[in-house]
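Please read the structure below before turning to the comments.
FYI, it's all coordinate maths here, none of it is from the lab. Since the model is a prediction, treat every value here as computed from it, not as a measurement. In this analysis, Cβ positions are derived from the backbone assuming ideal geometry, glycine residues included, and neighbour counts consider all displayed protein chains.
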Amino acid sequence: MSALSQKHLIAIKDLQKSDIELIFQTADTFKEVLQRPIKKVPSLRDITIANLFFEDSTRTRISFELAEKRLSADTINFSASGSSVKKGETLLDTVNNILAMKVDMIVMRHSSSGAQSFLSNHIKANIINAGDGTHEHPTQGLLDGYSVREKFGSLKGLNYLIIGDIKHSRVAGSDIPLMTKMGAKVKVCGPPTLIPKYIEEMGATYEPNLKKALEWCDVANVLRIQLERMDIKFIPSLREYSIFYGVNKDLLDSIKKDITIMHPGPINRGVELNSDVADSKQSIILQQVENGVAIRMAALYLLADRG
């Protein structure tokens, strides 16, 4: 198999296990390219990609832009602020106007869950979901899985823990199906108000006690509290959250094994994760950032079907 089964990358749940393996294998090749003195290949030289960000982003946007430049694609960067969207233009009109300029692929982040799925039914260009509402963030799920695979050799049989605001997290929405498809076991931990009622249907189990959860896991992915997505108050205070669910060195030292620590960023240091953990040898947070470029190069290349 040298092509993805899907035309778009909108959700991990749409991918087959073979798709994920192909993306990982392709990312291996591109990661080798990124270690060279000249970190560029002509793979997408005649492809034009529009980065449409209707929500603020730093890491994801830069990572996609860098991946596109490393593949020699032509890029257009669009931000909703200062655009015709502010004048009342619809999403479909905005995208169709951009596509009229002969754009081949779209990378899009949007605050509404399902926006990319809606677009995929109305346009011909390939779409990569760079995050939609509280639904999914598939390239983050892929880079998380890839980073764990790099550390352990395989995801099969690993115990993978996600700590924090699961309810509002599109990272959890992508990590859970990816890890379970690849043979890992997934638990989530956090305040009951921040755990979806359908968590077991997603393929994960819930452990309310942080220390017990950490004693179970091989890898812990620590999420921040997403206050910007909350329309009501789900926790009494960030200080109280930190007391019960913050990961610090004393807590990790009390567990008699080494746990690999991950975080999708941005980190709220001193809330969900202390600096003595984020900057420790147990952390692979910077490796996640590095791997994000290779994974996004792989996704762009495979969707362009240049294999």
Query raised in the report: How large is ³J(HN,Hα) for each residue in region 119-129, as worked out from phi by the Karplus curve 6.51 cos²θ - 1.76 cosθ + 1.60 (θ = phi - 60°), to whole Hz, x for Gly and Pro?
Result: 4, 4, 8, 10, 10, 8, 5, 5, 10, 10, 7
Report task. Under 25 Å Cα to Cα from LYS212, which lysines show up? Leave out anything in the same chain fewer than 8 places away. Result -> LYS151, LYS156, LYS167, LYS181, LYS185, LYS187, LYS197, LYS249, LYS256, LYS257, LYS281
Report task. Can you work out the PRE-style zone for ARG239? Point 7 Å along Cα to Cβ, and I want the residues of region 259-287 with backbone N under 16 Å. Result -> 270-272
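If you take the alpha carbon radius of gyration of the chain and divide it by 2.2 N^0.38 Å, what ratio comes out, to two decimals?
0.99
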Query - Candidate lysines - alpha carbon under 26 Å from LYS124, same-chain residues fewer than 8 apart omitted - result: LYS7, LYS13, LYS17, LYS69, LYS86, LYS87, LYS102
Query raised in the report: Given the C-alpha centroids of region 254-307 and region 49-79, what is the distance between them in whole angstrom?
Result: 19
Report summary line: Expected vector for region 186-201, Karplus 3J(HN,Hα) from phi with 6.51, -1.76, 1.60 and θ = phi - 60°, integer Hz, x for Gly and Pro, equals 10, 10, 10, 9, x, x, x, 5, 10, 10, x, 5, 9, 4, 5, 5
Requested in this report: Can you pull the one-decimal nm distance between simple spin-label points at VAL289 and GLU89, each 7 Å off the Cα toward Cβ?
Outcome: 3.3
Query raised in the report: What are the residues whose amide H is under 5 Å from the amide H of ASN77, where those residues sit 5 or more places off or on another chain and H is modelled from the backbone?
Result: ASN51
**Report entry** Compactness of region 248-293 as Cα Rg over 2.2 N^0.38 Å, two decimals
**Finding:** 1.16
**Report entry** Computed log₁₀ I(q)/I(0) - Debye formula, equal Cα scatterers, no solvent, region 26-176, q 0.18, 0.20 Å⁻¹
**Finding:** -1.18, -1.33
Query raised in the report: At a Förster distance of 45 Å, what's the computed FRET efficiency of GLN282 paired with ALA100, Cβ-Cβ distance as r, to 0.05?
Result: 0.35
Report task. With viscosity set to 0.890 mPa s and temperature to 25 °C, compute the Stokes-Einstein D of region 138-285, Rh being the Kirkwood radius across alpha carbon pairs; µm²/s, no decimals. Result -> 162
Requested in this report: Using a 10 angstrom cutoff on alpha carbons, build the Gaussian network for the chain and name the most mobile of GLU136, GLU65, GLU89.
Outcome: GLU89
Report task. Return a whole-number percent for the relative contact order of the chain, with Cα pairs under 8 Å and 6 or more residues apart as the contact set. Result -> 21
Query raised in the report: Which residue, ALA100, ALA50, ALA172, tops the fluctuation ranking in a GNM of the chain built on C-alpha contacts under 10 Å?
Result: ALA100
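Assuming 0.36 nm per residue, please report the length gained on full extension of the stretch ARG269 to ILE255 beyond their Cα-Cα distance.
2.9 nm
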Report summary line: Extension length gain for ASP305 and ASP74 (0.36 nm per residue less Cα distance), in nm, is 81.5 nm
Query raised in the report: In terms of modelled amide H atoms, which long-range or inter-chain residues lie less than 5 Å from the amide H of SER112?
Result: GLY133
